[in-house]
Amino acid sequence: MAQLWGGRFTKETDQMVYDFNASISFDKRLWKQDIQGSIAHVMMLEKQEILSKAESNEIVNGLTQIQEEIESGLMKISHEYEDIHSFMEAKLIERIGETGKKLHTGRSRNDQVALDMRLYTREEIGQIDELLKEMLEVLLQLMKEHIATYMPGFTHLQKAQPITLAHHFGAYFEMFKRDRLRMKDIFKRMNYCPLGAGALAGTTYPLDREYTAQLLGFEGATRNSMDSVSDRDYLIELLSAMSTVMMHLSRFSEEVILWNSNEYQFIEIDDAYSTGSSIVPQKKNPDIAELVRGKTGRVYGALMALLTTMKGIPLAYNKDMQEDKEMVFDAIDTTKTCLSLFTKMLQTMKFKEKQMEDSARNGFTNATDAADYLVKHGVPFREAHSIVGRLVLLCIEKQIALDDMSLEEFQAVSPVFQADIYEVISMKNCVDLRNTVGAPGRAAMEQAILEAETYLKSEKVRFKN
Ligand code: ARG
């Protein structure tokens, strides 16, 4: 047990209490940010003549050495300290003696932890964004390759109208693009420095908060010291945005699982991204997709947990807030792993184009086009709908597709049908003539691909920090 606040106490903390209170087992992850923040703090203290140049140099050197030793594995972060902040300060004092005790001047662990967590999260947002961008690049590539891969489009999981695989992927492109926009937005809102807020009410030392903020690459200093130490909104926003990413991945996973099933057989998952069954030899299981779908629950759970933790906390810092870390760390790790694995699985997946097209053909996905044909020849839509309904019934009885009916059979139901009906309800025409903005037709899809390309080129820059 090693702690920073022994002065006021006459008894040792109970071991179980100590363990319950300690956070080092998980906040050791913030060790780099802790050093980074301390160095900036000390440089500011020197600039403000609160510390001398010699003192600040000594502290910065000490911290830099500690960083090198942790990096090289020479120094282990031992759990006998309460949290990463206590560990660092103790190690610094061990190393440089008395001057080390000046590091914490004008600072509290409350603003320190608020800073460390922001520095960490800021970096992670950039990485999530990068992974989202990789996903978009793979999707764009697949869109280009499958502009003429016909497949059924579904509503209520029933074959509705034919689309293309490019169009299907285009839908996911939009979803993950919005996810990126959310990341960018959260980054912009959270990129302010809480250091200097002290425990809750600032400090009497003449700190230059804007200078520290600038050293750490923030937009500026946070505006209210109580809010600075107790704001966890940005984590809640991030958890919410990550939940949305996971929701998108989970929907996509569900489709991969369906498409991989014996009934659909639309895809083949690469051996490297699927697993076998220990008892059923012929099976190739979509475990990755199932796990991604499953892990979505953890990320939603973290969002609910932090919202609930925060809801009853009076201003300003309360220890409840220490609970933010494990769930945010876990949710970030989970989202990143899922994004990265899913992208790789997608990239190596084989698409069985013939099965997809056959499936679209066998599902009367061109029935709407047959009805539209009648409408274009003057039949009111409601009547056309009913005529084609009767035709479909006939086809079901005969177990054939609309395209397989003879012209006589068409005309027996409605004399309006002429020989050009076959052309109109061909898969190619059904899809390629749908060229309203956002539709699957070739021209509309080419436009969508162009826009996607332009967007990816313009969004090359990583967030600056
Ligand atoms: N381990 C704490 C946390 O994660 C650091 C802040 C502690 N502050 C305090 N006054 N006990 O929230």
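The values are calculated or read from the model by the stated rules, or taken from the named source; none is laboratory data. Small disclaimer: the values here were computed from a predicted structure and weren't measured. Neighbour counts are summed over all protein chains in view; Cβ atoms, including those assigned to glycine, are modelled from backbone coordinates with ideal geometry. Accessible surface areas use protein heavy atoms only, side chains included; no ligands, DNA or RNA. Shrake-Rupley method; radii C 1.70, N 1.55, O 1.52, S 1.80 Å.
At a glance:
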quantity: Hull shadow area, averaged, region 217-361 [alpha-carbon convex hull, nm²]; calculated: 12.8
quantity: Projected label distance in nm at residue 127 and residue 141, using a 7 Å step from Cα toward the beta-carbon; calculated: 2.3
quantity: Trypsin sites (Lys or Arg not before Pro) lying in DSSP loop within region 38-121, provided at most 14 other Cβ fall within 10 Å; calculated: 76
quantity: Fraction of accessible area attributable to carbon and sulfur, the chain (%, probe 1.4 Å); calculated: 53
quantity: Ratio of the Cα radius of gyration of region 108-177 to 2.2 N^0.38 Å, where N counts its residues; calculated: 1.78
quantity: Percent of alpha-carbon pairs separated by more than 15 Å within region 146-195; calculated: 63
quantity: Stokes-Einstein D for region 316-443, Kirkwood Rh over Cα pairs, 10 °C, 1.306 mPa s (µm²/s); calculated: 85
quantity: Gain in span if fully extended, residue 53 to residue 26, counting 0.36 nm per residue against the direct Cα distance; calculated: 6.3 nm
quantity: Filter on 376/428; 184/344; 53/184; 91/295 - keep pairs with C-alpha separation over 30 Å; calculated: 53/184; 91/295
quantity: Per residue, in Å², the accessible surface of region 322-465 once ligands and nucleic acids are set aside, probe 1.4 Å; calculated: 53
quantity: Cα pair distances in region 275-325, grouped into 5 Å bins until the bin that holds the longest one, percent each; calculated: 4, 16, 16, 12, 10, 9, 7, 7, 7, 5, 3, 2
quantity: Cα gyration tensor of region 377-465 - equivalent ellipsoid semi-axes, whole Å, descending; calculated: 43, 13, 12
quantity: Computed lengthening from residue 279 to residue 456, 0.36 nm per intervening residue step minus Cα-Cα distance; calculated: 59.2 nm
quantity: Spin-label model distance (nm) - residue 16 vs residue 386, 7 Å beyond Cα toward Cβ; calculated: 7.7
quantity: In region 240-332, trypsin sites (Lys or Arg not before Pro) in a DSSP loop with at most 11 other beta-carbon atoms within 10 Å; calculated: 311
quantity: Fraction in percent of alpha-carbon pairs per bin - 5 Å, region 96-230; calculated: 2, 9, 13, 14, 11, 9, 8, 7, 6, 6, 6, 4, 3, 2, 1, 0
quantity: Alpha-carbon Rg/Rh ratio, for region 222-270, with Rh computed the Kirkwood way; calculated: 1.43
quantity: CD proxy at 222 nm, helix term only [per DSSP H run n ≥ 4: -39500 (n - 2.57); per residue of the chain; nearest 500]; calculated: -20000 deg cm²/dmol
quantity: Antiparallel DSSP beta bridges within the chain, percent to nearest 5; calculated: 75
quantity: For region 20-75, average projected area of the Cα convex hull in nm²; calculated: 4.7
quantity: Alpha-carbon Debye profile of region 166-249, log10 I(q)/I(0) at 0.12, 0.16, 0.17 Å⁻¹; calculated: -0.49, -0.70, -0.75
quantity: Rough spin-label spacing in nm, given labels placed 7 Å along Cα→Cβ, for residue 407 and residue 134; calculated: 5.7
quantity: Region 349-410: translational diffusion in µm²/s, Stokes-Einstein, Kirkwood Rh over Cα pairs, 20 °C, 1.002 mPa s; calculated: 169
quantity: Partners for residue 188 among lysines (Cα-Cα distance below 25 Å; same-chain residues under 8 apart left out); calculated: 32, 133, 177, 311, 325, 336, 457, 460, 464
quantity: Per-q log10 I(q)/I(0), the chain, q = 0.11, 0.12, 0.14 Å⁻¹ (Debye; single scatterer per alpha-carbon; no solvent); calculated: -0.94, -1.04, -1.26
quantity: Alpha-carbon Debye profile of region 1-132, log10 I(q)/I(0) at 0.20 Å⁻¹; calculated: -1.24
